[in-house]
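Notes follow the structure.
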Amino acid sequence: MKKKNGLTIAVRSWKRAGKVYTHEYFKDTQYVVASSQADGYRETGVNVWECPDSAQGNLCRVTNWIIENCPTKWLIITDDDLSWIGRYNGNKHKKLSEQEAIEQIENSFLLAEELGVPFWGMNCIPDKGAYREYTPFSFNNYIGGPFQGFILPDFDLRYDERLYLKEDYDMTLQVCNKWRKALRVNYLNYNVKQQEGVGGCSDFRNLGVENEQFELLQKKWGSKIVKKDNSNKSGKGKLYDINPILKVPINGV
């Protein structure tokens with residue numbers, strides 16, 4: 001893969017040739033796919049960054065491979081079904097053009113560099129209820145795996161292959177533990193279709209595996225930091241949210 005102006009936008013994809021569309025938003029998207037699947041993706045006309053078959057089959061393993069082989073200083077890793085980046089300005093939400101999104105991404109990388117943390121992300125929920133206009137940035141909140149930024153080679157952590165369904169929760173905690181902060185740009189958000197379709201993590205995601213992954217994450221970091229969301233927000237009987245609640249023991253927002 002060729003060097004692209006200091007920024008690489010890498011997309012992990014597995015058994016989803018013909019079902020991806022992040023490149024329709026970010027034209028320079030590089031789909032990271034296993035060698036055995038590469039021709040199938042190329043036939044659809046997308047840009048392919050081929051990785052060994054041995055690097056695929058585990059989300060953490062392929063993410064680590066991308067980090068270790070990225071040719072640029074700035075790296076974005078995102079999902080293969082991202083349709084837009086949006087931002088809030090006060091109470092108003094706007095879906096950004098590709099150029100506007102790239103400008104916001106570049107500004108966020110510069111801010112992360114000034115803050116001394118080589119890892120950043122966006123608000124994972126585009127709904128206004130998840131955004132507080134008086135907190136445009138936060139430093140101890142969860143950063144979702146569908147969109148993450150890395151500054152290389154300063155980012156020297158690696159994803160835990162055991163936590164292939166909770167890897168983003170684990171990495172948020174790893175970063176906070178090492179740098180005492182993880183930059184989340186709350187006024188920016190993204191839209192992806194998680195837990196839908198075929199291929200990718202849907203090949204092995206089920207409630208039993210989710211429970212096992214939660215227990216492993218909690219065992220690694222402790223029950224005071226990783227908690228289960230047992231709240232019932234709908235009033236329709238017992239509910240179980242597969243997404244953990246993180247209580248990062250660092251002061252601040």
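Worth pointing out:
- Residues satisfying the stated conditions in the stretch 1-20, i.e. surrounded by 14 or more Cβ atoms within 10 Å (Cβ to Cβ), in a loop (DSSP other than H, G, I, E, B) and in contact (Cβ under 8 Å) with a residue 40 or more places away in the chain: M1, S13, W14, K15, R16, K19, V20
- Meets criteria (farther than 19 Å from C124 by Cα, aromatic (F, W, Y) and under 18 Å from the mean Cα position of the chain (by Cα)) for W74: yes
Here's the yes/no breakdown for (1) surrounded by 15 or more Cβ atoms within 10 Å (Cβ to Cβ); (2) modelled with pLDDT of 95 or more:
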{"site": "Q104", "(1), (2)": "yes, yes"}
{"site": "L110", "(1), (2)": "no, yes"}
{"site": "G116", "(1), (2)": "no, yes"}
{"site": "C124", "(1), (2)": "yes, no"}
{"site": "Y131", "(1), (2)": "yes, no"}
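- Restricted to the stretch 41-68, and to residues there that are exposed (fewer than 15 other Cβ atoms within 10 Å of the Cβ) and either out of contact with any helix residue (DSSP H, G or I) (no Cβ under 9 Å at 6 or more places or on another chain) or acidic (D, E) (or both), the residue that is nearest to Q148 (Cα to Cα) is E68.
- A38 surrounded by fewer than 21 Cβ atoms within 10 Å (Cβ to Cβ), among the aliphatic types (A, V, I, L, M), farther than 26 Å from D154 by Cβ and at pLDDT 95 or above: yes
- Lone qualifier among Y159, Y187 - being touching a residue at least 12 places away in the same chain (Cβ under 8 Å), at negative phi and touching a strand residue (DSSP E or B) at 6+ places or on another chain (Cβ under 6 Å): Y187
- Complete set of residues in the stretch 192-243 that are of a type outside the set (A, V, I, L, M), at pLDDT 95 or above and surrounded by 15 or more Cβ atoms within 10 Å (Cβ to Cβ): Q213, F214, Q218, K220, W221
- Number of the condition not met by E68 [criteria: (1) farther than 14 Å from T8 by Cα; (2) of a type outside the set (A, V, I, L, M, F, W, C); (3) free of Cβ contacts under 8 Å to residues at least 12 places away in the same chain]: (1)
- When the stretch 133-170 is limited to residues that are among the basic types (K, R) and surrounded by fewer than 19 Cβ atoms within 10 Å (Cβ to Cβ), the one that is nearest to Y31 (Cα to Cα) turns out to be R158.
- Test result for N89, out of contact with any Leu (no Cβ under 6 Å at 6 or more places or on another chain), closer than 21 Å to K193 by Cβ, of a type in the set (S, T, N, Q) and in contact (Cβ under 8 Å) with a residue 40 or more places away in the chain: no
- Unique residue being farther than 19 Å from I245 by Cα, outside any helix (DSSP H, G or I) and out of contact with any Gly (no Cβ under 6 Å at 6 or more places or on another chain) when the list is Y134, Y142: Y134
The values are calculated or read from the model by the stated rules, or taken from the named source; none is laboratory data. Predicted model only: the values in this text are computed from it and were never measured. Quick reminder, even Gly has a Cβ in these numbers, built from the backbone with ideal geometry, and neighbours come from all protein chains shown.
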